[in-house]
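J.: First, the structure itself, so that you have it in front of you.
A short reminder: the numbers here are calculations on the coordinates, not readings from a lab. All figures in this text were calculated on a predicted structure; none of them were measured in a lab. Here the Cβ is made from the backbone with ideal geometry for all residues, glycine too, and neighbour counts use every protein chain on show.
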Amino acid sequence: MSPARYLARSLVYHRHATLGVFAGAVLGATVLLGALFAGASVRASLARAAEQRTGQTTQVVTAGDRFFRAELAPELAATAGGRSAPVLLTQGSAVHAGSQARTGQVQILGVTPEFWTFAPRPAPPPAAGADALAVNLTLATRLGLKVGDTLVVRFPKPGVIAGNAPIAGAETSLESLRGRVAAVIGDDAYGRFGLEATQLPPATVYLPLPRLQEALEQAGRANLVLYAGPAGPAELTSALARTTRLADHGLSLARREAAGAFELISTRIFLDPEVVAAARRAWPEAQPVTTYLVNEFRKGDQATPYSIATATTAAAAPFLPADLGPRELVLNAWLAQDLGAGPGDEVQVTYFRNSAGGGLAEAQAQFRVRAIVPLSGLAADRGWMPDFPGITATESPREWNPSLPLDLRRIRDRDEKYWEEHRGAPKAFLSAAAAEELWATRWGSLTGLRVAAPATAGDALTARLTAELRPEMSQLLVRPFTAPATPTVDFAGLFLGLSLFLIVAALGLVALLFQFALLQRNREDALLGAVGVGPGRLLRWRLAEGAALLTLGGLLGLPLAALYTGGILRFLEGIWAGGTTFTFAAPPLTIALGLAAFLLLSLLALWLAIRRLARRALSIRLAAQAEEETGPPGRPRGAAALAVGLALVAAGALAGSGKVMPAQGAFFLAGFALLGSGLAGIRILLGAHRTGLLPGAAELGRLNLRTRPARSLTVTGLIATAVFMVLSVAAFRKQVGDNWRERGAGTGGFAFWVETTAPQNPARDALGERFELFAGAAKELGAIVPLRAGAGDNANCFNLNAVARPRLLAVDPARLPTPSVFTPRLPNGGGWEALRAGASAAEPLPAFVDENTLLWALQRRVGDVIDYTDENGRTFGVRIAGVLRDSIFQGYLIVDEAAFLARFPSHPGPSVFLVDAPPAADLPALQGRLRSAAADAGGRVETTRDLLAAFHRIENTYLAIFNVLGTLGVILGSLGLAIVVARNLRERRGEFAVLAAIGLPPEVLGQMVRAEFSWLVTRGVVLGAAASALATAPVLPNLPAGPTAALVVGLLGGILGLNYLSGWLVFRAALRDLRPGMGEG
Amino acid sequence: MITATRVTKTYASPAGPVTVLQDLDLTVDAGESVAIVGPSGSGKTTLLNLLGALDRPTSGSLRVAGEDLGALDAAAAARFRNQHLGFVFQLHHLLPQCTVLENVLVPRLAGGWTEDAAATRARAEALMGEVDLQDRLDHRPYQLSGGEQLRVAIARALINQPRVILADEPTGSLDPATGERIAELLLRQTAGKAALVVVTHNPGLARRLHRTCRLEQGRLVG
């Protein structure tokens, strides 16, 4: 007989024990492999989604809110090598013309046929047609669109400057396009294209580039280039620098014949400070020009409305005094006559400027008239005025429509006549210093730079300037587009963590069953030892048997793990609704590692079980009548010390709560230590001697437990730990409290969170800071706090991709209702004013971040600095200064608005609003009205309570998974208990037979067993519940009493019921076996 | 063949140490058969376990077949048992999953046997003939009576041609007639081949051996 034959025979002969171990192995392997597969699947799905999002594009060139020549794309490809495609990208909303279903946050792409060659699997462009458009699957699904349906797309047409610059142009207006859906673009055909690193594909409309250019009045222009080719970011940036022209910066060189000069002007009216600096390097002799709209010149009772004034130097305007002071001005003869002013007179100048909140405000300044110039020559040149939108092209000042709160009734006939004869010829001239002081905006302070040069010098000037310009000065930035998506959370680790208790319980069960199987063969092993089978050889045989079972269990666990993973993935898809699909993935390496880990862990458990038995002398094992040696109970050494030590740890944790560690962590540690201390105490109780009279049946049952203390402790420990884990975790479920309208809550006490696709600036047709969006409900609303969403990706819990730079959200702290709103927590105390600490450009920008985002998405700490790039490509740091606990700002870094605008002066405006409402307001009705008002702006209006609850749902889902898996652990614990009791009963068949023979009825035997059972279960449950009550003490007061009590009672009732039921069934089965023979059999 | 010098064996218990054997001296020559008798709890089985290297003495020296048992580690002790000892247990300890013949061959599972497997098998079959079970080779232990099981255990003890055979109450659970047959079989199979040490309460069996040693309270008294 060979060892293999012997082992095979043994497995078959001991088939019940074999099957038990095998079943445990299957369960353990399923859970462990399932956790690993879930992680691998999420990772692979995210990687696939990322590939579909980026396609073949390796880098993109973005332009912020600006536009460049579409021709730049092919020119760039020609310079850098590779291929490229120009794209015009904007955001808007879409309405299904048939069903009127509407959605905001729609990405609108103007594309050329080249765009489709960048798809993961390039396909021919969708059918073209005058009104044809394509949509992606996300939009088609959301609106129920199919090919042939009509779609209306609404989007903002940008102004000259995307923002609220005074006089810089008409406000952004909404445009509509109507089209027939010609194709629905699948994921592999670039249906997931988007710049934001998220697994959620944006709803997208694809239009032919010329059509969108026309609608946006950006003929021949684009704002995005897709690139695929050999050039890396540095090479592509260099190629971009060599390729860009003035037009790509929105610049042009205009000839001013009257001045004998060229003037550098911008389509954005104001020259970017970076561009001005570059131009000054190129042309040191250049002179500044700032032309502005003056609302009123006034001398005493005489006033002249709405005039153009220019600030420059005597070098650019030789008719000006060389020493014109900052509070002096020069009037042209017309204005001097109109005001009746002469040299030395005081004149008040009224003009618009931006208020701190982004609205318009009128300001006044006093000037002394230095001189009067005739209205002729260079002083009468219309070229001083740039192309002010809504003004320049009009025939009469009464037709002006600059979207400014002008009172055009003040226009007099003589003003009209001036316009007719001289148009924008300035009526007054100021010094450059005065313009810098009064009219500077964050977009710039100059409307032109003049260089005196002959008409033939244009090309040379352009060449000198181009050499000094860098693409990033105009927000032309190269961004890598192939970063592999990594999950925010290591899902394999997460599910392993969530499943840990279940895995440990399964492995423990395997070890228990295996140990019982070994006990059953105790004398067999002893015999083999006696006839000379060495201990090492026997150990290897038993491990080989175990390994065979575990391997088979693992192999059967593979398909079961696949099914289990499938269930998990469908569950996850339900959470991240909106286009997140997970496909099953089980890479060979994961399978190999998972199986190896399972086998190693299981074999370790088996090895420990074998070692424990093998330590006994062969003589004792041969002589043992029972399958396990049972001796008199003894007081275990060290248990008392352990109980006291852990109790001290618990007390220490409580004492240090809030001092050396956060209260929640301290209490959890205290609870866990109490659990350990309690188990050590139970071990002491199990070892306690009892002497006295013959005990009753119940006491006899309890005494039985003491003969096998390790088993009893294992079972009680398993139940106690399961109860502790399930109850503790359940208590951490998050709910939006009834205090959500309080300022200290995570909602800040605000009623609504409003988010729009298009930035919303204060209305320009009225002074003040009135937002058109809220005009209809203004009387029912309280404070409105606008926030500017900036660079970075959303890092909230809906985005599964790891985000290195969360989106910045800028707020003016002064607009917040109280310094303690949202209860910011800073290491050294303080409130929102801390955001203003780092005002200088050299210091990192202080930021607040939601605690969950910091902990899970960023995995950083307070004090860490994250690097960002400003709109001109310069790196700046953002320092995490404090945290907001459980807030609606999940996914963002909150920074000071002023500091933000210093780094992003071109930022188009607020797109997030915190909106207050009186406590008695009818919030649902108000929400409905706000939604209607925000519909065109692609607005999303949610109560802050709902927003916070949506975040909680994700977090609670993790807890729910843990609870489900923990409950499975409880079930396994109960199964373990049933097995232990069954085993005890089996080992005591002889004892029962004797008791039955001397006349004890089954009821007495039942009392004995019940007593054993109750002792184990009640101590496990009570200890677990007590420890969990301590662990969750800090959060208990915040939990709703009714549901929490119901949850606890339900869980405890379920656990007790499950255990008693299994115990009763086991006892009934044992009793049936006992009746026929009344002997050990 | 067996030399025990001042052998003491003490067990720990919750009530304190319990000395089972104390300063025991014993010598058994090759080919000699010795009966160990004494009241229950006198240490007979303990002595047998020590002689069989199944347990280690607390103090004293124990040499069996030329080996100092105190110097053997667990693996060496197993090899020693496999090469030089044969055991006959009171409860037989047959493996229920194996056939009768396979049970006889169980010692070969220890490995390291230079003998050809077919030769061992032939010897096992011959031994089964000797114990009059040649027709039951493929039977399972549960198909045998107690006496037959004991005969299989004796055959198993002889399969490695041991120099010492240790038997613990071999006739304890048998009727007198079967016990007599078993005693006869044991003596016949070991005569002149191996030293035989038998723990027994059976005076008849003890009388048939060369020598009887009496154990009382852990000491040899005669």
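J.: Using only Cα atoms, tell me the angle between helix B:146-158 and the longest principal axis of chain B; keep it within 0 to 90° and round to the nearest 10.
T.: Tilt relative to chain B: about 80 degrees.
J.: Tell me, what does the Kirkwood hydrodynamic radius of the protein assembly as shown come to in angstroms if you use every pair of distinct C-alpha atoms?
T.: Kirkwood hydrodynamic radius for the protein assembly as shown: 38.7 Å.
J.: Now for a separate question. Given +1 on the Cβ of Lys and Arg, -1 on the Cβ of Asp and Glu, and no further charges, what dipole in debye does the range A:772-892 carry about its Cα centre, rounded to the nearest 20?
T.: Working: 12 positive and 13 negative charges, 34 e Å.
The calculated dipole for the range A:772-892 is roughly 160 debye.
J.: Then there's this: How high is the relative contact order of chain A, in percent, counting Cα pairs under 8 Å that sit 6 or more residues apart?
T.: 15 percent.
J.: What do you get for the angle between helix A:1041-1077 and the principal long axis of chain A? Use alpha-carbon atoms, 0 to 90 degrees, nearest ten.
T.: 30 degrees
J.: Shape verdict for the range A:370-432, please, from the Cα gyration tensor: rounded (a/c under 1.5), prolate (a/b greater than b/c) or oblate.
T.: Prolate, since a/c reaches 1.5 and a/b exceeds b/c.
J.: Let me ask another. Just from its helices, what would the mean residue ellipticity at 222 nm be for the protein assembly as shown, if runs of 4 or more DSSP H residues each count -39500 (n - 2.57) and the sum is divided by every residue, rounded to the nearest 500 deg cm²/dmol?
T.: Helices in the protein assembly as shown give a 222 nm mean residue ellipticity of -13500 deg cm²/dmol.
J.: Got a sec? How would A:Cys797, B:Cys213 order by Cβ neighbour count within 10 Å, fewest to most?
T.: Ordered by Cβ neighbours within 10 Å, fewest first: B:Cys213, A:Cys797.
J.: Please compute the average number of Cβ atoms from other chains found within 10 Å of each residue's Cβ in peptide B:94-102.
T.: The per-residue average across the peptide is 5.
J.: Helix A:3-13 versus the longest principal axis of chain A: what is the Cα-based angle in degrees, 0 to 90, to the nearest 10?
T.: For A:3-13 against chain A, the angle is about 90 degrees.
J.: Here's another thing I want to ask about it. Where does the charge balance sit around A:Gln52 when Lys and Arg score +1, Asp and Glu -1, over other residues with C-beta under 10 Å from its C-beta?
T.: +1
J.: Same structure again: Give the average, rounded to an integer, of partner chain Cβ atoms located within 10 angstrom of each Cβ in A:3-15.
T.: 3
J.: In the range A:52-124, if the dipole is taken from +1 on Lys/Arg beta carbons and -1 on Asp/Glu beta carbons about the Cα centre, which of A:Thr79, A:Ser93, A:Phe67 is farthest to the positive end?
T.: The residue sitting most towards the positive pole is A:Ser93.
J.: For the range A:841-926, with only Lys/Arg (+1) and Asp/Glu (-1) charged at the beta-carbon, what is the dipole magnitude about the Cα centre, in debye rounded to 20?
T.: Values: 6 positive and 12 negative charges, 54 e Å.
Roughly 260 debye, rounded to the nearest 20.
J.: So what is the relative contact order of chain B, in percent, for Cα pairs below 8 Å that sit 6 or more residues apart?
T.: This gives 31 percent for chain B.
J.: Moving to a separate point now. Counting only other residues whose beta carbon sits under 9 Å from that of A:Val347, what net charge do I get with K and R as +1, D and E as -1?
T.: Net charge around A:Val347: +1.
J.: Under unit Cβ charges (Lys, Arg +1; Asp, Glu -1), what dipole magnitude, rounded to 20 debye, does the range A:296-435 have relative to its Cα centre?
T.: Magnitude of the dipole: close to 180 debye.
J.: Residues with beta-carbon under 13 Å from that of B:Phe80, excluding B:Phe80: net charge, scoring Lys, Arg +1 and Asp, Glu -1?
T.: Numbers: positive: B:Arg56, B:Arg63, B:Arg79, B:Arg81, B:Arg163; negative: B:Glu67, B:Asp68, B:Asp73.
The answer is +2.
J.: Taking every residue in A:531-543, how many Cβ atoms of other protein chains lie within 10 Å of its Cβ, on average?
T.: Numbers: counts 16, 20, 10, 12, 5, 3, 6, 3, 0, 0, 1, 0, 0.
Partner-chain Cβ atoms within 10 Å, mean over residues of A:531-543: 6.
J.: For a quick check: sort A:Tyr6, B:Tyr142, A:Tyr292 by the number of other beta carbons within 10 angstrom, fewest at the front. Spell out each step's value before the answer.
T.: Working: A:Tyr6 19, B:Tyr142 8, A:Tyr292 24.
Fewest-to-most Cβ neighbours within 10 Å comes out as B:Tyr142, A:Tyr6, A:Tyr292.
J.: Sort A:Trp400, A:Trp384 so the one with the fewest other Cβ atoms within 10 Å of its own Cβ comes first.
T.: The fewest-first ordering by Cβ neighbours comes to A:Trp400, A:Trp384.
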